[in-house]
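The values are calculated or read from the model by the stated rules, or taken from the named source; none is laboratory data. Keep in mind it's a predicted model, so treat the numbers as computed, not measured. Ideal geometry is used to build each Cβ from the backbone, glycine not excepted, and the neighbour counts take in all protein chains shown. Accessible surface areas use protein heavy atoms only, side chains included; no ligands, DNA or RNA. Shrake-Rupley method; radii C 1.70, N 1.55, O 1.52, S 1.80 Å.
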Amino acid sequence: MIGSRCLCLRVQRASRAIGRHFDNAFRAVGLNNWQFSLLMMLNRPSPLTVTSLAEELAMDRTTTTKNLKPLERRGLLEIRRDEQDARVKRVVLTKAGQALLTEAVRPWEEAQQKIETGLLGADLNSLHSALEAIAQS
């Protein structure tokens, strides 16, 4: 009975399937789905702090920092000390990161469209709402 009702199992299976789908799409631009998500979160006028980025991603700060390092080594982002408070670190998308993100939008659109096509419009909206509600709880 638990196996047929377990939300955790269903979300994990769906997450892995979606992750593989997007990993395949991003392979041509040298990213994985998680790296794309991180870069997208950084694509904003004001740089986020590492702490606020971690909060936005519902992750702990240490794991977020660990995931930023490979992108920093590739020159796609920079982690800088805040000008007013040196204890605070801000994450800035570089020009190279912006260019790669622009290149990755097309594979993202194609992968996203393929998944969305498999769902009815009302189902997709319900799914978005349900996932947001779970993430906020």
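State the number of residues belonging to region 15-63 that are among the basic types (Lys, Arg) and farther than 21 Å from residue 124 by Cβ.
Matching residues across region 15-63 total 3.
Just to verify a result, which residue in region 97-120, among those that are open to solvent by 50 Å² or more (accessible area, probe 1.4 Å) and of a type in the set (Gly, Ala, Ser), is farthest from the chain's Cα centre (by Cα)?
This residue is 118.
If we scan region 121-129, do we find a residue that is within 17 Å of the chain's Cα centre (by Cα) and in contact (Cβ under 8 Å) with a residue 24 or more places away in the chain?
no
Residue-wise test of (1) aliphatic (A, V, I, L, M); (2) assigned to a helix (DSSP H, G or I); (3) at pLDDT below 95.
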position: 52; (1), (2), (3): no, yes, no
position: 59; (1), (2), (3): yes, no, yes
position: 70; (1), (2), (3): no, yes, no
position: 84; (1), (2), (3): no, no, yes
position: 92; (1), (2), (3): yes, no, no
position: 104; (1), (2), (3): yes, yes, no
position: 124; (1), (2), (3): yes, yes, yes
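Given the residues 43, 32, 67, 24, which is the only one that is within 23 Å of residue 135 (Cα to Cα) and out of contact with any Leu (no Cβ under 8 Å at 6 or more places or on another chain)?
Checking each option against the conditions leaves just 32.
Kindly indicate the residue of region 61-75 that is charged (D, E, K, R) and closer than 23 Å to residue 99 by Cβ and also surrounded by the fewest Cβ atoms within 10 Å (Cβ to Cβ) among those meeting that condition.
73
How many residues, within region 45-60, are within 15 Å of the chain's Cα centre (by Cα), free of Cβ contacts under 8 Å to residues at least 40 places away in the same chain and open to solvent by 60 Å² or more (accessible area, probe 1.4 Å)?
3
Taking residue 78 and the conditions (1) open to solvent by 50 Å² or more (accessible area, probe 1.4 Å); (2) at pLDDT below 95; (3) in contact with a Ser or Thr (Cβ under 7 Å, 6 or more places away or on another chain), which numbered condition does it fall short on, given that it satisfies the others?
(2)
Residue-wise test of (1) touching a residue at least 24 places away in the same chain (Cβ under 8 Å); (2) farther than 13 Å from residue 104 by Cβ.
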| residue | (1), (2) |
| --- | --- |
| 16 | no, yes |
| 37 | no, no |
| 41 | no, yes |
| 68 | yes, yes |
